[in-house]
Every structure is written in C-alpha cells, then in structure tokens.
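None of the figures in this text is laboratory data; all of them are computed from the coordinates on show. A quick note: this is a predicted structure, and the numbers were derived from the prediction, not measured. Glycine gets a Cβ as well: all are built from the backbone with ideal geometry, and neighbour counts include every protein chain shown.
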Amino acid sequence: MNNLLKKSGWLVVGALALGFSAKAGVLFQNNTTDLATRFSDGSLEFGNQIFLNSYAGSYITNFSFEYYGIGGGAGGAFSGNNVTVDVRWYLNNGPNNASGFATPGTKVYDSGPNQIFPTTRATLDFSTTTGDFPTRPAPGTNGWLVTSPQLTFTVQFAGMGAGDNVGVDLYSPPTVGSMYTDYWQNNGTAANPSWVLLEDASVNVDMGQVWMGTAVPEPSTLALSLVGGLGLLVAVRRFRNR
C-alpha cells in the first residue's frame with residue numbers, strides 16, 4: 001500500500017460556464033500541476049472537499065479522476081480476483097467534528113463498484129451519457145443539479161490481494177476552483193460512517209480530477225445553501241489551495 005503521509009486534501013471545485021444559454025464548462029479542474037506523488041489509503045474510503053467557484057443553476061454532467069494500480073500477481077496482474085473502486089459524493093451537512101467543521105453528510109451520488117485493471121496511470125470518467133449520475137432533476141435537463149458550492153468526493157478501493165497497490169495521483173494547486181489541504185477519511189462503513197480529517201506534512205493530498213457542468217437560464221432562481229468547512233483531526237486551522 002502506497003500510503004503517503006496523511007495530509008492535505010479536500011478538493012475544490014471550480015469555475016463554470018454560467019450564462020443565460022445552456023453551455024458546458026469546467027466546474028473544477030486539478031490535473032495541471034503533477035506532484036509526481038501517489039497516495040493510497042488501502043481499502044478505506046477517503047477523499048477531498050471541493051468548492052465550486054460559481055455553481056448556482058449548474059448541472060454536473062461529467063466527472064473524472066486519475067488512479068493507478070500496481071498488480072502483485074504474475075506478470076503484473078492483480079492478485080485479487082476483482083479489484084474495484086466506488087465513487088461517492090456528499091454534501092457537507094453532517095455533524096460537526098471536534099474542531100467544529102461539518103462532516104460529509106447527505107450522500108447524493110454512489111457509483112457502485114467499478115472494476116479496474118493494472119495500470120501505471122489511467123483516468124476513470126463518469127458522465128450522464130452512460131447513465132452514471134442520478135435521475136435527471138427536471139424534465140429536459142441532464143446531470144445532477146448543484147445545490148451547494150461545497151461537495152466532498154471520495155473513492156474506496158476494494159478486492160486487492162497480496163502485493164496489489166492501488167490509489168490516486170496527486171496534483172496541486174487546482175487551476176479552476178479551490179480545495180482544502182487536508183482530506184477526509186471514513187474509519188467506519190458506508191452505512192455507519194466515522195469521518196476524520198487528516199493531513200500529510202509533506203504533500204497536499206489533492207487528487208487529480210476534473211468536473212464539468214452545464215449552466216441553465218435564470219440561475220438566480222436556484223437556492224444557495226452554504227455548507228460549512230470540513231473539520232481537522234489533527235489541527236484546528238484549515239487551508240485551501242486556489
């Protein structure tokens with residue numbers, strides 16, 4: 001397990017094509033400055049808290065993140081029979097942690113297990129065209145309606161065998177949007193989560209990812225619900241990359 005020290009993390013979500021005509025645009029981007037560093041949390045669920053620069057009236061239509069997989073079996077194959085990754089999105093409206101930061105709460109998306117294969121680096125893409133996202137929120141629209149500038153995005157790998165090493169590639173800072181330099185880790189289960197904030201003293205655990213969306217007319221009619229920042233396990237202060 002290539003588990004980099006626990007440090008930084010929650011990703012940020014960013015800029016969006018917000019206008020009166022429906023137009024696809026970048027909501028968040030963190031795949032430009034490669035830190036040439038990898039992070040693994042084994043089979044634990046972990047991820048970044050991201051911030052959308054401008055979100056009201058936007059629909060998420062595409063999402064992708066970078067990962068790697070090193071097989072411990074013969075010929076570089078995984079020794080586990082079925083190595084998978086599960087992607088989840090949460091609103092940050094859960095109970096405050098000891099430092100007063102809201103934990104991941106309402107789960108708004110769960111991809112379910114997606115099989116992955118050994119790779120030095122690959123991008124896993126999710127889009128509405130493949131039916132990955134929740135049911136359309138309104139007639140004639142695609143994607144998932146953004147109701148908060150903050151989201152927590154997590155991944156959870158499973159099925160690894162002896163010698164298998166899977167995780168994510170790190171980039172920082174984001175070029176669109178912003179993110180905290182700590183990351184959430186779920187020490188419980190998906191059904192009964194136990195969230196802690198951790199950080200790595202040597203590197204920002206900012207996962208490589210891109211979010212795309214579509215703006216809709218009259219975004220001012222959409223409700224804004226600001227959901228507070230995420231808590232820190234080891235520190236009271238939090239920092240964001242911009």
query = In Å and whole numbers, how far do the C-alpha atoms of region 48-190 stretch along each principal axis, longest first?
reply = 50, 42, 30
query = Which value in nm describes the separation of the simple spin-label points at residue 201 and residue 162, placed 7 Å from the Cα toward the beta carbon?
reply = 3.5 nm
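Using the count of nearby Cβ atoms within 10 Å as a rough guide to exposure, how do 147, 129, 106 rank from fewest to most?
The fewest-first ordering by Cβ neighbours comes to 129, 106, 147.
Using the number of other C-beta atoms within 10 angstrom as an exposure proxy, rank 83, 168 with the fewest first. Working shown, then result.
Working: 83 22, 168 26.
Ranking 83, 168 by Cβ neighbours within 10 Å, fewest first, gives 83, 168.
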key: Fewest-first ranking of 28, 78, 126, using other Cβ atoms within 10 Å as the exposure measure   = 126, 78, 28
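What does the charge dipole of region 76-203 about its Cα centre add up to, to the nearest 20 debye, if the Cβ of each Lys and Arg holds +1 and the Cβ of each Asp and Glu holds -1?
Values: 4 positive and 9 negative charges, 62 e Å.
Dipole size: approximately 300 debye.
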